[in-house]
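Below you'll find the structure, written out as structure tokens, and then a few comments.
The values are calculated or read from the model by the stated rules, or taken from the named source; none is laboratory data. Treat the numbers as computed from the prediction; the structure is a model and nothing was measured. Here the Cβ positions follow ideal geometry from the backbone for every residue, glycine too, while neighbour counts run over all protein chains shown.
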Amino acid sequence: MPREREQWATRSGFLLAAIGSAIGLGNIWRFPYVAYESGGGAFLLPYLIALLTAGIPLLIMEYAIGRRAKASPPLAFRGLNRRAETIGWWQVAISFVIATYYAVIIAWAVRYTGFSIGQDWGEDPEAFLMGDVLEATEPGFVSSYVSGVMWPLIAVWVVALGVLVFGVRRGIERASKIFIPLLVVLFIALVIQALTLDGAGRGLDAFFAPDWDAITDGSVWVAVYGQIFFSLSIGFGIMITYASYLRRRADLTGSALVAGFANSSFEILAGIGVFAAIGFMATNTGVAVDEVIGEGGIGLAFIAFPQIISSLPAAGDLFGVLFFGSLVVAGMSSLISIMQVVISAVQDRTGMPRVPSVLVVGGAIALASILLFPTSEGLYILDAADHFVLQYGVAMAGLVSVVVVAWVLRQLPALQEHANSTSAVRLGWPWLLTLGLITPLVLGWMMWDGLREELAARYEDYPATFLAVAGWGVAAGVLVVGVLLSLVPWRRADQLISVASEEGRS
Amino acid sequence: MSAGAVVMMIVTIAIVWGGLVAGVLYLRRHPDEVEDESETGL
């Protein structure tokens with residue numbers, strides 16, 4: 001007898017969990033850079049268009065797929081069509097890989113929260129990061145372990161699995177009710193402190209001054225759509241998984257609008273905080289704003305920010321704790337959601353109860369993470385895997401899922417009806433148009449553009465054999481694993497689908 | 001800050017944060033329909 005599927009206790013609980021999943025490291029370190037590169041204030045136009053024509057429509061699609069099937073991604077796609085199950089397992093494999101390295105960045109942020117007190121990075125934060133903290137050598141495969149990363153990483157896994165063991169309602173929902181308000185408070189405190197710095201206005205000027213020429217540049221649109229896509233946690237199967245725990249009468253469209261705008265609101269707040277701090281640094285050292293921001297990402301967080309913190313006239317330690325503490329909290333809620341995709345899929349697939357599923361699946365992911373990444377080569381493996389799995393995993397799976405749902409299976413009208421049956425905001429033809437036409441075209445263009453760049457030059461100039469394994473190998477690996485898992489005979493699946501469709505079961 | 005930057009900052013904040021507030025208010029005005037007892041899972 002199948003167990004009753006868990007449900008979110010409250011609507012706000014689901015929303016906070018969905019928002020917590022969407023708000024992650026990328027909102028803090030990737031968005032400000034993309035916005036700056038995309039014409040500053042002028043980015044608002046493509047950004048809003050991307051949010052309304054790709055981000056929120058895709059969120060609604062994933063919510064509808066998940067809530068309708070009341071199942072994890074493989075089973076939810078199988079509910080649409082037996083062969084579509086592969087997409088679900090592909091997303092599960094992608095989530096597995098991402099979870100292994102995402103936790104490592106949180107572990108670095110945990111250490112840096114500690115380093116902030118006393119500003120242990122000294123005069124040269126770059127040498128400190130690469131040498132003292134990561135003990136990074138050359139791109140390659142595991143040669144030696146770094147205990148300073150290993151221990152916080154183990155702690156991150158203990159907390160993540162500790163939350164997941166308690167399940168959706170008592171674990172994820174309760175944790176989100178603590179994490180999200182805490183994150184907002186930490187970040188608002190950080191923004192207030194940043195805005196009081198000399199030169200903050202100069203940073204905000206760089207961030208918001210519109211460069212209208214940029215919006216006629218196609219690559220800017222690709223970058224902005226990419227930011228919206230990655231930032232909203234679409235294409236991982238997370239939103240399908242979270243929506244599968246919704247009640248049958250829960251409002252889908254309204255929830256997607258709130259989650260989408262909440263994620264963007266946080267991004268804007270993060271942009272203001274980060275640019276105010278960068279403006280201070282640029283003024284203080286007499287360099288240009290773009291030299292401080294670099295390329296965003298790990299360098300911005302773990303090299304530029306320590307420099308900024310050290311040069312603050314007062315309360316630098318507090319600023320560091322707020323910044324790295326925010327990274328930890330934002331990262332944890334996203335990590336938990338990524339893990340839940342894999343755990344729920346295994347639970348649905350095997351019928352295993354929650355606690356053993358969490359321990360077996362979570363333990364396997366944690367073990368892979370601990371064996372591969374707290375190493376001298378961990379940074380490079382992480383960087384290559386991240387780039388390839390996002391571009392040719394998450395974005396590609398997103399593209400395939402929207403093309404399959406819209407054009408191959410022609411399920412959009414059914415999903416539209418499903419969402420409209422319980423939502424106050426009703427979806428009409430614009431929703432069909434955005435998902436049927438705009439999203440596939442933009443994602444396809446993004447893919448083509450990325451692929452062209454990839455073939456023109458080796459990513460980060462890493463050795464070809466290293467890239468073949470840690471980059472292309474990982475991207476191809478998740479697809480192969482997805483296909484293989486979908487080929488495993490699954491006797492329980494049809495039984496579960498029939499159970500899921502029996503509404504009001506006990 | 002230049003006038004253009006200030007205007008864009010205000011417009012951005014008004015639209016994005018305004019969108020969030022409007023979404024929350026809209027959801028609050030439309031509570032989920034109450035489900036019958038067999039579906040509540042309680």
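For the reader, a short list of remarks on this structure follows.
- Checking A:Glu267, A:Glu295 one by one, the residue that is closer than 16 Å to A:Gly40 by Cβ and either within 14 Å of chain B (Cβ to nearest Cβ) or not in a helix (DSSP H, G or I) (or both) is A:Glu267 and no other.
- Contact map, region B:1-26: residues that are facing chain A (nearest Cβ under 7 Å) paired with residues that are hydroxyl-bearing (Ser, Thr, Tyr), Cβ distance under 6 Å, separation 6+ or inter-chain. Pairs shown: B:Val16/A:Ser264; B:Val16/A:Ser265; B:Trp17/A:Ser265; B:Leu20/A:Ser265.
- When residues of region A:183-208 are limited to those that are more than 12 Å from every other protein chain (Cβ to nearest Cβ) and not in a helix (DSSP H, G or I), the one surrounded by the most Cβ atoms within 10 Å (Cβ to Cβ): A:Leu197
- The set of residues in region A:460-480 that are more than 21 Å from the chain's Cα centre (by Cα), assigned to a helix (DSSP H, G or I) and either farther than 30 Å from A:Val346 by Cα or in contact (Cβ under 8 Å) with a residue 12 or more places away in the chain (or both) comprises A:Glu460, A:Asp461, A:Ala464, A:Thr465, A:Phe466, A:Leu467, A:Val469.
- A single entry from A:Ala414, A:Ala419, A:Ala464, A:Ala406 fulfils the requirement of being farther than 24 Å from A:Gly237 by Cα and either in contact with an Asp or Glu (Cβ under 8 Å, 6 or more places away or on another chain) or of a type outside the set (Asp, Glu) (or both): A:Ala464.
- Residues of region A:69-80 satisfying the condition of being of a type outside the set (A, V, I, L, M) and either within 13 Å of another protein chain (Cβ to nearest Cβ) or surrounded by fewer than 24 Cβ atoms within 10 Å (Cβ to Cβ) (or both): A:Lys70, A:Gly79
- Which listed residue, of A:Asp251, A:Asp290, is acidic (Asp, Glu), more than 9 Å from every other protein chain (Cβ to nearest Cβ) and over 20 Å from the mean Cα position of the chain (by Cα): A:Asp290
- Failed item in (1) in contact with a helix residue (DSSP H, G or I) (Cβ under 9 Å, 6 or more places away or on another chain); (2) farther than 30 Å from A:Gln91 by Cβ, with A:Leu183 passing the rest: (2)
- Selection from region A:334-385 of residues that are surrounded by fewer than 21 Cβ atoms within 10 Å (Cβ to Cβ) and part of a loop (DSSP other than H, G, I, E, B): A:Gly351, A:Met352, A:Pro353, A:Ser376
- Looking only at region A:1-59, and only at residues there that are at pLDDT 95 or above and within 22 Å of A:Val191 (Cα to Cα), the one that is nearest to the other protein chains (Cβ to nearest Cβ): A:Ile19
- Residue check for A:Arg83: more than 22 Å from the chain's Cα centre (by Cα), crowded, with 22+ Cβ neighbours inside 10 Å, charged (D, E, K, R) and closer than 28 Å to A:Phe388 by Cα: no
- Among the residues of region B:27-41, the ones that are more than 7 Å from every other protein chain (Cβ to nearest Cβ), under 16 Å from A:Gly13 (Cα atoms) and modelled with pLDDT under 85 come to 1 in all.
- Region A:267-295 - residue that is surrounded by fewer than 21 Cβ atoms within 10 Å (Cβ to Cβ) and not hydrophobic (A, V, I, L, M, F, W, C) and, of those, modelled with the lowest pLDDT: A:Glu295
- Residue in region A:165-177 that is within 24 Å of the chain's Cα centre (by Cα), assigned to a loop (DSSP other than H, G, I, E, B) and within 23 Å of A:Ala22 (Cβ to Cβ) present: yes
- Checked against the criterion of being buried (at least 24 other Cβ atoms within 10 Å of the Cβ) and either of a type in the set (Asp, Glu) or at positive phi (or both), region A:54-67 has at least one qualifying residue.
- Only one entry in A:Val403, A:Val394 is surrounded by fewer than 21 Cβ atoms within 10 Å (Cβ to Cβ) and within 21 Å of A:Gly482 (Cα to Cα), namely A:Val403.
- Qualifying residue in region A:93-108 (condition: over 30 Å from A:Leu485 (Cα atoms) and either touching a residue at least 40 places away in the same chain (Cβ under 8 Å) or not in a helix (DSSP H, G or I) (or both)): yes
- Qualifying residue in region A:209-223 (condition: assigned to a helix (DSSP H, G or I), surrounded by 24 or more Cβ atoms within 10 Å (Cβ to Cβ) and within 14 Å of another protein chain (Cβ to nearest Cβ)): no
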